[in-house]
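Let me begin by presenting the structure, written as C-alpha cells, before commenting on it.
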Amino acid sequence: MKRATLAMLVAVAVCFSVTGSSFAQAPAAPAAPKKKYVAPVKGVAEIGYLKPVVKVVKDEVVTTIKIKNMSLGAIAGLRVDEFWYDKAGGMLPGDSQRLRQPLNPGEVASIELRTPKNPKMDRNSYQFSHANGQIKAKVLTKLE
C-alpha cells in the first residue's frame, strides 16, 4: 500500500513540475535557419564581382565590392587587397579585408575597403585570394 501511495505522489509531483515549468516559460523564438555545410574549395576558386563603387568620404576613399561565389564549393577566408598607384606608377597605401565566414556557392557578399585619401592617387587595382589557393575573378554586369 505504501508503495502505491508513494508512486502516486511521485507521478503527481512530476506532472506539476513539468506543466508548471512550461507555463512559466516565455514562448520560444523561432529557430534561425542553419546554414548547410559545404566543403571548401581547394586550389583555384571562381568568383564574379560587380564593378567596384569608389566614393570619397571626408578624408577616406571608400571602395565597395559585391562578390558572388561561382564555384561548386565554399570559399573560406576570401580576401580582397586594394592597391593604389600615382601617375608615375609608384605604389601608394591601400587596404585589405577578409570575409570571416565562408562564402557558399551562389552566395553574394559585400566588402568595404577604406584607404586614407592621398592627392597623388591616380588609379587602383584589386587582388583576390582565399585560404586554400587562388581566385579566378570575372567582372559581371549584374549579379543574379
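Odds and ends about this structure:
- Fully extending the segment from Leu92 to Ser110 would add 4.1 nm, taking 0.36 nm per residue of separation and subtracting the current Cα-Cα distance.
- Paramagnetic label zone (point 7 Å from Cα along Cα-to-C-beta, Asn118; backbone N under 15 Å) in region 85-111: 85-96
- 15 Å Cα cut-off, lysine pairs counted over region 41-144 (separation 8 or more, or different chains): 14
- Taking 0.36 nm per residue of separation and subtracting the current Cα-Cα distance, fully stretching the chain between Arg79 and Asn132 would add 18.0 nm.
- Other-chain or far-sequence residues with amide H under 5 Å of Leu50's (modelled H): Lys66, Leu140
- Of the chymotrypsin sites (Phe, Trp or Tyr not before Pro) found in region 85-144, not one falls in a DSSP loop while having at most 16 other beta-carbon atoms within 10 Å.
- Mean sequence separation of contacting Cα pairs (under 8 Å, at least six apart), scaled by the length of region 35-110, corresponds to a relative contact order of 31 percent.
- Sites listed here are trypsin sites (Lys or Arg not before Pro) in region 54-138 whose DSSP assignment is loop and whose Cβ has at most 15 other Cβ atoms within 10 Å: Lys58, Lys87, Arg100, Lys117, Lys120.
- Stokes-Einstein D in µm²/s, Kirkwood radius over Cα pairs - region 31-144 at 20 °C with 1.002 mPa s viscosity: 142 µm²/s
Every number in this text was worked out from the coordinates using simple rules, so none of it is lab data. Predicted model, so just to flag it, every value in this text is computed and none were measured. Don't worry about glycine lacking a Cβ; one is built from the backbone with ideal geometry, like all the others, and counts go over all protein chains shown.
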